[in-house]
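Report on the structure given below.
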Amino acid sequence: MSTAPLDLAQRFGTPLYVYDLALVRRQARALRAALPYEPLQLLYAIKANPCPAVVKVLIDEGFGIDAVSPGEVAMALRCGCPAERVLYTENNATDDDLQAALEVGVLVTCGSLDRLRRLGELGGREAAVRINPDVGAAEHAHTLTAGPLTKFGIHHSQTAAIASIEADTGIRVIGAHMHIGSNVLEADKFVAAMEVILGVAKELKHLRFIDFGGGLGVPYREDQAALDLSTLGAQAESLMRSFCAGYGRKLELRLEPGRFLVAESGQLLTSVAAVKTNPDGRCFVGTDTGFNHLIRPCMYGSYHPIANLSSTAAPKVVDVVGNVCESGDVFARDRAIAEPKLGDVLAIGFAGAYGMSMASTYNLRPLPAEVVVDGDTVAVARQRKTTDDLIAQWEW
Ligand code: LLP
């Protein structure tokens, strides 16, 4: 059976997300190979792509799961991740959310002193804490998760209160965590934040692990340099080694990337539904998908490579746009691609992270279907729903 994207588009229809599991494995192994420090526990930030086939590959590769909601915790467990390898990095969790995590035996990383105290009062015996190192880095302000404007984490200058919460409630803080932002391509940005976290960590007496978070970037643009993984791995190793020497105990190192593992594995296949050229020459290539299915270009101005799988025609500079009734529904402006014609299939690349996981049914369009390719096998991961399915969600 063909696994060629064009054949998959014909067989399953468009819009269609396709994930190549071999690329997920490749990324998982590249990351592990670049991290010489032991003990090491890698976690997958499941928010990037919770498709079970993808998640299971990473669990088989030895990854735990970083989850940010009770739903993600449930998905991680359902995919077969043992509870002790699931970390719930809470953000403004309700008491019910915390209680649910305690019931399934999942460690919670608390993002505020308030939530740490409450977890202790609810009977939590162990927790991790997320520290805001005030040093952030990201592709876009919306994906910056450290610094003065972020809602995340306990400010690094306010960690003295952790010890009194431990004393008052009996909870023990066994992990120090940071996550500075997303799609970071410079290793030194991580290193600056790691130094702040380790400065705070030495005041915490019961640590078993340090979690440097996710955020590892990938080169979406053809001319972008990849993150220097070996420099990052070597720096993390040397920082951890000297920290542990002073701390008096060897601690586990954790990282929890999402995008790095799955972005490149995914493509969103879409058909050209309309082509229009304005009097000024601007050519709009309209597709059968939109920001409801891949919001990154509209939300963060993100670049995704786009190829015309159906054509070897000479490149033409066009705007690739969606079918959502909003003018921000643009995948690319002034992009040179083989001249698109009606019915051609376009592949929007690097769509495996934060693509389907952020998709919605805005404009009452069903979600794309999802298929996974593994070597020469193809499996449907999620069936396409119909308009009737959407409408049936309301009480009639
Ligand atoms: N850990 C925590 C606590 C996080 O909040 C995140 C992502 C990660 C790990 C994984 O980050 P990654 O390695 O994937 O960068 N929707 C945005 C990205 C938002 C990331 C939110 N947190 C995008 O499409 O670029």
Could you please give the count of residues in the stretch 360-383 that are part of a loop (DSSP other than H, G, I, E, B) and over 19 Å from Asp20 (Cα atoms)?
5
Any chance you could count how many residues in the stretch 47-61 are within 14 Å of the ligand (Cβ to nearest atom) and of a type outside the set (A, V, I, L, M)?
3
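Quick grid of which residues meet (1) open to solvent by 50 Å² or more (accessible area, probe 1.4 Å); (2) not assigned by TED's automatic domain parsing to the domain that holds Gly213:
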{"position": "Leu239", "(1), (2)": "no, no"}
{"position": "Cys244", "(1), (2)": "no, no"}
{"position": "Tyr247", "(1), (2)": "no, no"}
{"position": "Thr270", "(1), (2)": "no, yes"}
{"position": "Asn278", "(1), (2)": "yes, yes"}
{"position": "Cys298", "(1), (2)": "yes, yes"}
{"position": "Gly301", "(1), (2)": "yes, yes"}
{"position": "His304", "(1), (2)": "no, yes"}
{"position": "Ala307", "(1), (2)": "no, yes"}
Selected residue [in the same structural domain as Gly213 (by TED's automatic domain parsing) and not acidic (Asp, Glu)] from Val24, Val86:
Val86
Which condition number does Ala167 fail, the rest of (1) within 29 Å of Ser302 (Cα to Cα); (2) away from the ligand (no atom under 16 Å from the Cβ) being met?
(1)
Would you be able to tell me the number of residues in the stretch 106-139 that are touching a strand residue (DSSP E or B) at 6+ places or on another chain (Cβ under 9 Å), assigned to a loop (DSSP other than H, G, I, E, B) and over 20 Å from Leu198 (Cα atoms)?
5
Against the definition (part of a strand (DSSP E or B) and within 15 Å of the ligand (Cβ to nearest atom)), how does Ala193 come out, yes or no?
no
For residues that are within 12 Å of the ligand (Cβ to nearest atom) and not hydrophobic (A, V, I, L, M, F, W, C), tally how many sit in the stretch 113-131.
1
Do the conditions hold for Ala392, that is, is it at pLDDT 95 or above and surrounded by 14 or more Cβ atoms within 10 Å (Cβ to Cβ)?
no
With the requirement that a residue be surrounded by 18 or more Cβ atoms within 10 Å (Cβ to Cβ) and among the polar types (S, T, N, Q), what does the stretch 312-328 give you?
Asn323
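Out of Tyr37, Tyr44, which single residue is away from the ligand (no atom under 11 Å from the Cβ) and either farther than 16 Å from Glu103 by Cα or outside the structural domain of Arg208 (by TED's automatic domain parsing) (or both)? Let's see the steps before the verdict.
Values: Tyr44 fails: away from the ligand (no atom under 11 Å from the Cβ).
After ruling out the rest, the residue left standing is Tyr37.
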Scanning the stretch 343-359 residue by residue, those open to solvent by 10 Å² or more (accessible area, probe 1.4 Å), within 16 Å of the ligand (Cβ to nearest atom) and either touching a helix residue (DSSP H, G or I) at 6+ places or on another chain (Cβ under 8 Å) or assigned to a loop (DSSP other than H, G, I, E, B) (or both) turn out to be Gly349, Phe350, Tyr354, Ser357, Met358, Ala359
Where in the stretch 247-318 are the strands (runs of 3 or more DSSP E), entirely inside, with at least 2 residues that are touching a Gly at 6+ places or on another chain (Cβ under 6 Å) and within 16 Å of the ligand (Cβ to nearest atom)?
266-277
Go through the residues of the stretch 212-223 one by one and say whether even a single one is under 16 Å from Lys189 (Cα atoms), acidic (Asp, Glu) and within 27 Å of the chain's Cα centre (by Cα).
no
Could you list all residues from the stretch 191-239 that are in contact with a strand residue (DSSP E or B) (Cβ under 6 Å, 6 or more places away or on another chain), within 19 Å of Arg29 (Cβ to Cβ) and of a type in the set (A, V, I, L, M)?
Leu227
Within the stretch 167-191, work out how many residues are surrounded by fewer than 16 Cβ atoms within 10 Å (Cβ to Cβ) and modelled with pLDDT under 95.
2
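Determine whether the stretch 329-342 contains at least one residue that is open to solvent by 50 Å² or more (accessible area, probe 1.4 Å), within 26 Å of Thr3 (Cβ to Cβ), in contact (Cβ under 8 Å) with a residue 60 or more places away in the chain and assigned to a loop (DSSP other than H, G, I, E, B). Let's see the steps before the verdict.
Looking only at the stretch 329-342, we keep the residues that are open to solvent by 50 Å² or more (accessible area, probe 1.4 Å), and these are 333-334, 336, 339, 341-342.
Next cut, within 26 Å of Thr3 (Cβ to Cβ) only: 341-342.
Next, from what is left, pick out any that are in contact (Cβ under 8 Å) with a residue 60 or more places away in the chain: 341-342.
Now narrow it down to the ones that are assigned to a loop (DSSP other than H, G, I, E, B): 341-342.
For the stretch 329-342, residues open to solvent by 50 Å² or more (accessible area, probe 1.4 Å), within 26 Å of Thr3 (Cβ to Cβ), in contact (Cβ under 8 Å) with a residue 60 or more places away in the chain and assigned to a loop (DSSP other than H, G, I, E, B): present.
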Flagged pairs (Cβ under 7 angstrom, 6 or more apart or on separate chains; first in the stretch 133-153, over 15 Å from Val191 (Cβ atoms) and within 13 Å of the ligand (Cβ to nearest atom); second β-branched (Val, Ile, Thr) and not in a helix (DSSP H, G or I)) are Ala138/Val184; Leu144/Thr150; Thr145/Ile180; Phe152/Thr145; Gly153/Ile131
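The values are calculated or read from the model by the stated rules, or taken from the named source; none is laboratory data. Remember, predicted model here, so these are calculated numbers, not experimental data. Glycine gets a Cβ as well: all are built from the backbone with ideal geometry, and neighbour counts include every protein chain shown. Accessible surface is based on the protein model in full, side chains and every heavy atom, while ligands, DNA and RNA are left aside. Shrake-Rupley method; radii C 1.70, N 1.55, O 1.52, S 1.80 Å.
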